[in-house]
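Each value in this text was obtained by applying a stated rule to the coordinates, not by laboratory testing. Note that this is a predicted model, so its numbers are computed, not measured. Backbone-built Cβ (ideal geometry, glycine too); neighbour counts: all protein chains shown.
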Amino acid sequence: MIVKPADTLSTQAPTRVRYIVLAFACALSMITYLDRVCIGSAVPHLLEALGLDKNRPEALALALTAFSIAYAVFEVPSGWLGDKFGPRSVLIRIVLWWSVFTALTSLTGKYFLAMQFGFWALVAVRFLFGMGEAGAYPNITRALHNWFPFQQRGLAQGAVWMAGRGMGGLTPLLWLLLVEGIATTTVLDNGDEVTTRITDPVFSSWRAAFWLFGGIGLTWCALFAWWFRNRPDQKESVNEAELKLIRSGQQGAEAGHADTPWFKLLTDRNLWALCLMYFCASYAWYFNINYLPTCLEEQYGIRGGNVLGAIYKGGPLWMGAVACLLGGFLTDWFIRRTGDRKWGRRWFGLIGHGLCAVCYLACAEARSAVGFFLAISFAAFFNDLTMGAAWATCQDIGRRYSATVAGCMNTIGNAGGAVGTFMVGFLLARAVTAYEHSHALSIAALNDPDVAKQALKDAHLAGYHLNLLTFAGVYFLAAILWFFIDATRPVVDTD
């Protein structure tokens with residue numbers, strides 16, 4: 001620990017070193033979303049590389065679900081390690097690991113990711129990628145707990161999630177520039193389509209994009225390892241005024257405690273309500289990453305290769321980015337104005353998830369691309385209005401165990417994401433089967449590709465509709481669960 005001399009200037013202004021910590025956290029959040037969202041744009045390429053039908057995105061449901069399963073399983077262990085040893089070493093390990101498997105995704109259909117077990121090799125790589133990313137946000141939460149006073153936690157968490165969601169929204173556009181190139185399509189009077197290329201792609205192969213994304217993570221690791229320290233009193237550039245500000249109202253910021261109260265964690269009703277709420281929120285949210293791009297292309301003709309298509313595919317994440325920062329600001333503002341932390345967190349969860357459910361009902365009834373885009377974008381907005389409150393609550397009730405508590409919430413949440421990802425593919429596949437039975441045909445056996453494509457579109461429509469109604473139902477449940485979440489009741493009463 002660095003021992004600082006007593007400050008002789010009573011009016012010394014606090015330094016702002018904590019905001020550099022926040023910048024590192026936001027940059028990491030951006031990288032996590034870049035690496036996980038790009039898979040949605042890569043689905044057609046992965047299907048082709050594996051020799052699967054590019055019109056059947058549900059064929060990759062298990063590979064997409066593998067990420068969420070691993071992400072959920074390893075959240076708590078990674079969060080516990082952050083509480084035990086500090087977030088610095090754990091975050092370095094996390095980012096190194098997932099960056100390697102991001103790069104290895106580029107080998108799909110080649111070498112050990114090909115041969116007779118290519119699909120299962122992709123499942124394994126996606127599982128290991130999820131294992132690596134697990135713990136990123138719990139350890140970010142731990143770092144912010146150590147570096148920020150409680151009255152700034154909601155805004156800090158909101159900024160982290162805004163950065164992640166914003167990068168997720170930009171990823172389809174970035175993929176377009178790197179892999180597809182920008183083109184416009186003109187429909188002639190006779191119905192023919194003429195495509196004009198405006199820019200060529202940066203890379204000649206989609207595989208190069210995964211190598212680039214993996215390299216970005218490794219660069220972040222090097223800078224973070226050089227600059228970051230677990231606690232502000234270990235950083236020479238932090239003055240006494242900032243240290244006093246950070247410690248104001250803060251409890252249990254030290255890492256390295258001997259024992260974790262697992263029994264109290266596993267039996268705490270408050271924490272279970274928080275976790276189940278996040279299960280419901282994540283169940284539907286992963287649709288935006290894994291299925292939305294192909295849904296827009298198939299059902300609404302939003303083609304790849306143009307900027308408008310990239311905006312449509314990234315729109316929900318852009319709207320979510322705005323809501324993350326706004327929600328984080330509002331929850332802190334409410335608490336500062338009223339002094340009521342319980343309802344300062346709860347109100348924004350109730351409002352956000354309740355309105356999100358309404359938006360998914362509107363999605364199910366949308367008949368145009370614009371209507372669907374607006375409805376699903378506002379659904380993402382209202383969901384992410386809750387993010388600052390939810391993750392700040394992890395710090396509020398977790399205190400010195402904040403990374404472990406955040407890991408618990410994100411474990412159950414990503415279990416919801418895994419179930420939701422699998423169920424979307426399952427319901428789409430069942431819709432195809434029902435369509436084939438009702439029409440007494442096999443879509444795969446149709447000789448005309450255009451007829452088969454239209455049949456799949458019609459069959460998938462029922463599956464998407466049922467999924468959207470299910471999303472509305474789970475968000476209504478999430479809103480109800482906020483009544484049982486109390487940010488003023490810590491898991492452990494004293495630190």
Violations at 23 Å Cα threshold for listed pairs Lys54/Lys313; Lys244/Lys264; Lys313/Lys457; Lys54/Lys110 -> Lys244/Lys264
What residue among Leu468, Ala143, Asn55 has its Cα farthest toward the positive end of the dipole of the chain, where the charges are +1 on Lys, Arg and -1 on Asp, Glu, each on the Cβ?
Ala143
Estimated inter-spin distance, Val370 and His439, nm [label 7 Å along Cα→Cβ]
3.0
0 to 90° range, to nearest 10: angle between helix 136-147 axis and the chain longest Cα axis
20
Among Phe67, Phe372, Phe422, Phe483, which comes first, then next, by fewest other beta-carbon atoms within 10 Å?
Phe483, Phe422, Phe372, Phe67
Roughly what angle does helix 61-73 make with the longest principal axis of the chain, taking Cα atoms, 0 to 90 degrees, to the nearest 10?
10
What dipole magnitude, in Debye to the nearest 20, does the chain give about its Cα centre under +1 on Lys/Arg Cβ and -1 on Asp/Glu Cβ?
1380
Quick one: grab the alpha carbon gyration tensor of the chain, order the square roots of its eigenvalues as a ≥ b ≥ c, and give me rounded if a/c is under 1.5, else prolate or oblate depending on whether a/b is larger than b/c.
prolate
Going by how many other beta carbons lie within 10 Å of each one, how would you line up Thr141, Thr433, fewest first?
Thr433, Thr141
Per-residue ellipticity at 222 nm for the chain, helices alone: DSSP H runs ≥ 4 residues times -39500 (n - 2.57), over residue total, nearest 500 deg cm²/dmol?
-24000 deg cm²/dmol
If r is the Cβ-Cβ distance from Phe85 to Trp226 and R0 is 22 Å, what FRET efficiency results, to the nearest 0.05?
0.75
Sequence gap at least 6, Cα distance under 8 Å: using those rules, report the relative contact order of the chain to the nearest whole percent.
25
Once the in-chain neighbours fewer than 8 apart are removed, the aspartates and glutamates whose Cα is under 18 Å from Lys453 read Glu48, Asp53, Glu58, Asp192, Glu193, Glu297, Glu298, Glu436
Least to most buried among Val76, Val123, Val370, Val37, by other C-beta atoms within 10 Å and fewest first, runs Val370, Val123, Val76, Val37
